[in-house]
Amino acid sequence: MSISSGGATVDDEDGTWIVWGEVDVAVAQDVGDMLKASLDGHPKTIDLRRVTFLDSSGLRLLLLGGTAEEGPLLVGAPAAVRDVITLTGLEHTVRFAETERSPNSGNDDA
């Protein structure tokens, strides 16, 4: 049994992956099959607002959310996540959301 301080879920309404905590090899092993089962041929939106750490296994997990045509859409990616993506030269394989996903957001584009 692995001990991890992170995890992920899939939002039943829109299929968004919600990832949190320290996303390392233990988390990737724990949630990888569940996230793969949610793949539907369309790039995933991945909410990263609560991620505190990301290693190469976590990055590989995020990249699973893309397709051959389009990378996953990363929402609220903290600096630690952006740094790993930039340092590995993979910034062109993902998309960063301009605004964060918010359950209470309406049509106010202010």
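Which residue is nearest to Leu73 (Cα to Cα), if the candidates are limited to the range 1-57 and must be of a type in the set (A, V, I, L, M, F, W, C), in a helix (DSSP H, G or I) and in contact (Cβ under 8 Å) with a residue 24 or more places away in the chain?
Start the filter on the range 1-57 by keeping residues that are of a type in the set (A, V, I, L, M, F, W, C), which leaves 1, 3, 8, 10, 17-20, 23, 25-28, 31, 34-35, 37, 39, 46, 48, 51, 53-54.
Checking the rest, the ones that are also in a helix (DSSP H, G or I) come to 25-28, 31, 34-35, 37.
From what is left, the residues that are in contact (Cβ under 8 Å) with a residue 24 or more places away in the chain are 25-28, 31, 34-35.
On the way: Val25: 22, Ala26: 23, Val27: 20, Ala28: 19, Val31: 19, Met34: 19, Leu35: 15 Å.
Within the range 1-57, the match that is nearest to Leu73 (Cα to Cα) is Leu35.
Sort out which residues of the range 73-110 are surrounded by 10 or more Cβ atoms within 10 Å (Cβ to Cβ), farther than 24 Å from Leu39 by Cα and modelled with pLDDT under 75, and write them in order of number.
Within the range 73-110, Ser105 is the sole residue that qualifies.
Return yes when Lys36 is basic (Lys, Arg), touching a strand residue (DSSP E or B) at 6+ places or on another chain (Cβ under 8 Å) and within 23 Å of Arg95 (Cβ to Cβ) and no when it is not.
Values: basic (Lys, Arg): yes; touching a strand residue (DSSP E or B) at 6+ places or on another chain (Cβ under 8 Å): no; within 23 Å of Arg95 (Cβ to Cβ): yes.
Criteria not met by Lys36.
The values are calculated or read from the model by the stated rules, or taken from the named source; none is laboratory data. Given the structure is predicted, the values throughout are model-derived calculations rather than measurements. Note that each Cβ is placed from the backbone with ideal geometry, even for glycine, and that neighbours are counted across all protein chains shown.
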